[in-house]
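In what follows, a single structure is set out as structure tokens and then discussed.
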Amino acid sequence: MTQHTDDLELKERLNLIETMIAEGRRSTENWGWVFVLWGVAYYVAIAWSAWGNRPSLAWGITMSVAMTLCFGFIAWRMARRAKASRLPLSSLTRAVMAIWIGVGVSFIVLLPSLGIGGHSNANLVVAIIGTLLGTANAASSIILKWKLQFACAVVWWGTAVISCLGSQSQSFVALLVANFFCQIAFGIYCMIREAQKRRLSGPTEEVSHA
């Protein structure tokens, strides 16, 4: 009897963990627009640093503006969610959000400092971006058991390596490719998945995830 009870408790715990992981993955898909927003911001920063005035400030200013827009819109959506549903965020969702917020703050602190101090160069900036985004994607993918997102982490780490070992043009091409697949394409994929699940779940679920 005791063994049977222990087996049931273990099964319930495993089911709870799987449910939390699925919820965390759905939350990531629900924020797919964030990947697209940052992907566009990276392209703006790349264009500014290549052809605009004061290119040393391009990444710092662009990342700061993107973070401000991102946090503002997230706060608005979270306020809507709180009104629509009083259910708290799961521990896994909060953990994933904490990882990405930490990475975003790191961008704001580090990149403007490098630009203002005159210590930045294209390869260094790309190496920093690749390393931080690789770390964030890897941590999120391990928490959510999501192989696709871990593949994004590998691509970003590869970009960082190319930036450290290759030429500036090679670093530039690696960044363009990684940004397209790991930010734009991945974000659009998440948004499509979210839209499909909303259509299947109906208006009630749609309100709760707003």
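Laboratory data are not the source of any read-out in this text; all were calculated from the coordinates shown. Values in this document were obtained by computation on a predicted structure and should not be read as measured data. Virtual Cβ from ideal backbone geometry, glycine too; neighbours counted across all protein chains shown.
Key figures
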item	result
Length added when fully stretched, Phe180-Ile116, from 0.36 nm per residue minus Cα-Cα	20.2 nm
Potential lengthening between Asn53 and Arg94 on full extension [0.36 nm per residue; Cα-Cα distance subtracted]	10.9 nm
Per-residue Cβ neighbour rank within 10 angstrom, fewest leading, Leu110, Leu92, Leu144	Leu110, Leu92, Leu144
Calculated FRET value between Lys145 and Arg199, using beta carbons and R₀ = 22 Å, to 0.05	0.30
